[in-house]
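Before any comments, here is the structure.
The values are calculated or read from the model by the stated rules, or taken from the named source; none is laboratory data. Just so we're clear, the structure is a prediction, and the values are computed from it rather than from any experiment. Reconstructed Cβ throughout: ideal geometry from the backbone, glycine too, with neighbour counts over all protein chains shown. These accessible areas exclude ligands, DNA and RNA; they are computed on the full protein's heavy atoms, side chains included. Shrake-Rupley method; radii C 1.70, N 1.55, O 1.52, S 1.80 Å.
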Amino acid sequence: MPFLANSRYLWRVWRANTRASLIREMEFRSNFFLGILRQGLWLAAFIFMIETIFSHTQSIAGWQKPEALIILALSRIVEGIMDTFFTHNIADLPSIVQKGSFDFYLTKPSPVLFYTSFKQFYLHSTIGQIGGGLATFLYALSQLNYQPNLNAWLIMILLVMTGLIIFYSLLILLASLVFYIERLEALWSFLQLITEPLTVPFDVFPTTPRLALTYALPLAFIVFVPAQAITGRLQLWQLPTAIALAAIFLILANLAWRAGLRRYSSASS
Amino acid sequence: MEWGRVLEYRIDVIAWSLAAASIPLVSLALWYNVSLQNPTGLSPQETLTYFLLVIFIKIITDAWNGFFTAWEILNGDIVKYLIRPFPMIWNDIINNTVEKCIKLLIPLPLFIFFLFSFPHTFSPQIFIPSHWLLFIPSLLLALILSFTLETCFGFLAFWLEEAQQIRSFKNIFELVASGVLIPFILMPPTVRTALSFLPFRYIVSVPAEILLGQASFNQSIQLLLYQTVWIFLIIMLAYTLWQKGLQRYAVPGQ
């Protein structure tokens, strides 16, 4: 079974990398704790905004306060998973290519895309973002006047996974641009542009941007659609759409990455 | 020279402006919905005008020089500025000004175009000339205040290795305290009062409040005065930090 052997090998590589990252992160302990604190502050700022909004109104675009909190919490959890595993690694690609150290990536005995995406593991994102998100999520659930059933939970988890695939693919698609335009410091800004709208119900956006963010650039499927599932708003067709979009974007991302890699010429040689 | 350098980085400059606009745009979408449902607070027009102004003011007042200053202090590159015959701060001022001009190339014409093509979508307050007379000095003061404050945060690197982390705390706190997430006028009164004691309100919210006529003439003059006092205090602080910092500074690795 070559596939099984291969994935076992990748698992071992990932474990070794993660171990090294953890040791590294623990060396800079004050930075580690400040990182967690920073994520706490960010969460507090946005909770304060939601509190203030709902002191002026009962519901916003049909969403009650606990439901709005669920979206915020879910965005924290999803972004936390992404930041823990791959966001920083992929976003660092432009500077790595520019400095020429991407050559080392190519000579490593593990797949390049795998190494680029999962090189380093960020524990403070796990604790700060996922932890804070989970706490907010549980609090928001306890404030709801209904309880989601098992089906809603399962569908939400499935949708979160397709959402993660979509986000990962978008990042790879963006990062692949570096092979064409050589310099892409702007990647971090694009990243902010993508993650910022995740925190709110997409129903608040005017029709055109909402449709664009649902189908053209399917950000809605990262956090908003899973939140619709847990709050009983999901329509049946959205589930297959999410799976199809995840598959399409993953294939596109892989094609773009491969095409880009073929064009790569080292910065120093 | 700076012009050439910034022009090379066109895509980045556009991306930075877009990213800077993303948070106020999301707040706008949220608060616009609130204003549709709640007749007591800001009207939809006022909400729209406020957040578009916030984007505009943020582009003009944004300062990021502390990021580079902190790195240069930490890795010793600051030396190359110290031996030049003019104060290091000039570099930052020039860099900042040039980048602002480039960043405004797209938003400013757009803003003016919308202002005159769809005057009814905006709050009528912003067409009053006297508001502009107060708004422009207030915007300039906000720009200076933001720049000097950022400089202070950069100088923290003389003492603390975590200066970058502290700067990112400032950036998050600024979202609330400068009125980007929540307009000051809609905050709970106690929070509003407490945040008015910090400099952040005077960087983004105050120019917008003045142009939108949320402050009367006398209040506007008072706000301008507060801005001036803050600038004075923070320049003193920056100067002290710079002097004390240099005295104890040892260049790493040299």
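How much solvent-accessible surface does B:F67 expose, in Å² to the nearest 10, with a 1.4 Å probe and all protein chains in place?
Per-residue accessible area (B:F67): approximately 80 Å².
Which of the three applies to the protein assembly as shown, rounded, prolate or oblate, going by the alpha-carbon gyration tensor with a ≥ b ≥ c and a/c under 1.5 meaning rounded?
Taking the square roots of the gyration eigenvalues as a ≥ b ≥ c, the protein assembly as shown is oblate.
Roughly how crowded by other chains is peptide A:32-43, in terms of the mean Cβ count from those chains within 10 Å of each of its Cβ atoms?
3
Relative contact order of segment A:2-268: what whole-number percent is it, with Cα pairs under 8 angstrom and at least 6 residues apart?
27 percent
Under 25 Å between C-alpha atoms is the cut-off here; go through the protein assembly as shown and count lysine pairs that meet it, provided they're at least eight residues apart or on different chains.
12
What does the helix-only formula give at 222 nm for chain B: each DSSP H stretch with n ≥ 4 adding -39500 (n - 2.57), the total divided by the residues, and the result rounded to the nearest 500 deg cm²/dmol?
After summing the helix terms and dividing by residue count, I get -24000 deg cm²/dmol.
Just by accessible area at a 1.4 angstrom probe, what is the order of A:M161, A:M26 from largest to smallest?
A:M161, A:M26
May I ask for the accessible area buried between chains B and A, both sides summed, probe 1.4 Å, to the nearest 100 Å²?
Answer for the B-A pair: about 3100 Å² buried.
Taking a ≥ b ≥ c as the square roots of the Cα gyration tensor eigenvalues, with a/c under 1.5 meaning rounded and otherwise prolate when a/b beats b/c, else oblate, which class fits segment A:1-113?
prolate
What percentage of the solvent-accessible surface of segment A:2-268, computed with a 1.4 Å probe over protein heavy atoms, is contributed by carbon and sulfur atoms?
Heavy-atom surface of segment A:2-268 belonging to carbon and sulfur, 1.4 Å probe: 66 percent.
Mean separation of Cα pairs under 8 Å and 6+ residues apart, divided by the residue count of chain B: what relative contact order is that in percent?
Reported as a whole number, the value is 28 percent.
Once you keep just the Cα pairs under 8 angstrom separated by 6 or more residues, what percentage relative contact order results for segment A:1-117?
Here the relative contact order equals 20 percent.
Let me cross-check A:I157: its accessible surface, 1.4 Å probe, with only protein heavy atoms counted, in Å² to the nearest 10?
80 Å²
Shielding of B:28-39 by partners, i.e. mean partner chain Cβ atoms within 10 Å per residue?
The per-residue average across the peptide is 6.
Counting only other chains, and only Cβ atoms inside 10 Å, what mean value do you get across the residues of B:52-59?
0
Given the protein chains as shown and a 1.4 Å probe, how many square angstrom of B:F114 are accessible, to the nearest 10?
Looks like 90 Å² after rounding.
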